[in-house]
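Every number here is computed from the coordinates shown, using simple stated rules; none is lab data. For clarity, every value in this text was computed on a predicted model and none was experimentally measured. Neighbour counts are summed over all protein chains in view; Cβ atoms, including those assigned to glycine, are modelled from backbone coordinates with ideal geometry.
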Amino acid sequence: MGLNAHMKAGRLPWTVKAGWAFGEVGLASYVAIVAIYLLYFMTDVLHIAAGFAAVLLIIPRIWNIVIDPLVGQLSDYTKTRIGRRRPYLLGGALLWGCSFAALFNLPRLDGGWGFATLFLVVFGLTTTGLSLYQVPYSALATEMSDDYSERIQLVSWKNVAARIAALLGIAGAPRIVQLASVESTGYRLMGITFGALIIISGLVAFFSTAPAPSIPAIRKKTANWRAQVAMMRANRPLLILISSYAIYCLGQLPFVGLLVYYVTDVLHKSPGLVGILYPITSLTSAIVTPAWAHVAERLGKRRLCLISWVGAGLSWTWPLFVPINAEWMIYPAMVVVGLFQAGGDLLPNTMVPDVADVAEMVSGERREGAVYGLWIFQQQTVLACGGLIVGLALQVIGYHGHEAHPAPAVVHGIIVAMTIPSCALALIASALLLLYKLPEMQLQQLREQRTKLSSGVVTPSP
């Protein structure tokens, strides 16, 4: 079957799916490294105070919060011969990758305001490039296909790529660092390596999606912030999905962010152990993600999402029950974490195209970019808050850098801070998701109408 036949049948060639999914590699490795290693790099390599480092991390992410919805709207309006979204994949990846490499190659200066100013500028450029790439890239999932099952498959492919990339980032980063005799030099090499990977993944996504459908915008007028808020309030499923997933992601961050401190200060192991534990989680998630997607097509996305969130919340409490002298138990525990996190991350993302359809049904306008701008806006908001919370938690429990024999209050504080809040927030998110309901009949009519008009609306990008 040729490319055009695939398009008419509502199916995308595997090369488009695989290439678009590969575009997630840079995103996933970036998130893994920033979540796990950036704060540690600042506190234990550059010897920046934890509270000061936390403030430096949150300021550029506030810029992300501002720019994400704007980038989504901008991509909705963009008209080029290569489509609405793809120009941003190219420019965003180049800016993002280069500035990320520079982030780990900054001179420490005095460790005070001179370093802070330079760090904020470079991290700001990094987050700007991230927004320019991530929002249009994510919106392509809705634009490329209207088919319910194929949308699940697209996000499933992307999540498998994300898990493998997270494994690559988490396992590869410490090994790259260890290649250098000086730890700070190793981090510089790591930054350059993953900056290059970001650029490569963006280029692959840009070129591979060239044959995919590019849908012209159906917009009545420019949507300002007030219109964005009005759209969100009118779209109840979108509001519930964004809110519940934000709470779930916020719960995930203490466990993720404090694991390296649990390994070094509670277990008294090398930080390199994190490069074993998270790959276990990522590999497990990559293996089971297709199974979650398959079952979701049969039983429904929301039901499976609830199961995965509750399971993930409970699995994050394992440090409370694993004795410090029973190190072997942490490995199967991380397998369980990976099992549930696979569904917890996959299923909400498969639901976003549905709420984007609701937005079109409510407004009569194609707003994929605006919807994904809000979706990523909440993720960046959570990341910003999470980094601050983790940094301040370390400050509160009295953490002042790695010590051979940390105080018992520090040890117990790390264990409690990475488990109880994570589990509680996952359960709260699950309770909120119970309110999520879609107007299925109206959405089906909308999709059928789109299919009838597709011959005049959907055109392959040159």
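Could you work out the equivalent-ellipsoid semi-axes for the chain, taking the square root of 5 times each eigenvalue of the Cα gyration tensor, largest first, in whole Å?
37, 24, 20
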(message) As a footprinting exposure proxy, order Tyr37, Tyr148, Tyr137, Tyr77 by other Cβ within 10 Å, with the fewest listed first.
(response) Tyr77, Tyr148, Tyr37, Tyr137
(request) Just report the Cα centroid separation between segment 258-297 and segment 62-135, whole Å. (result) 28
(message) With +1 on the Cβ of every Lys and Arg and -1 on the Cβ of every Asp and Glu, and nothing else charged, how large is the dipole of the chain about its Cα centre, in debye rounded to the nearest 20?
(response) 1380
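Quick one: order Ile170, Ile330, Ile287, Ile428 by neighbouring beta-carbon count within 10 Å, fewest to most.
The most exposed by this proxy come first: Ile287, Ile428, Ile330, Ile170.
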(request) Take the alpha carbon atoms of segment 26-68, find their radius of gyration, then divide it by 2.2 N^0.38 Å using N residues; give the quotient. (result) 1.24
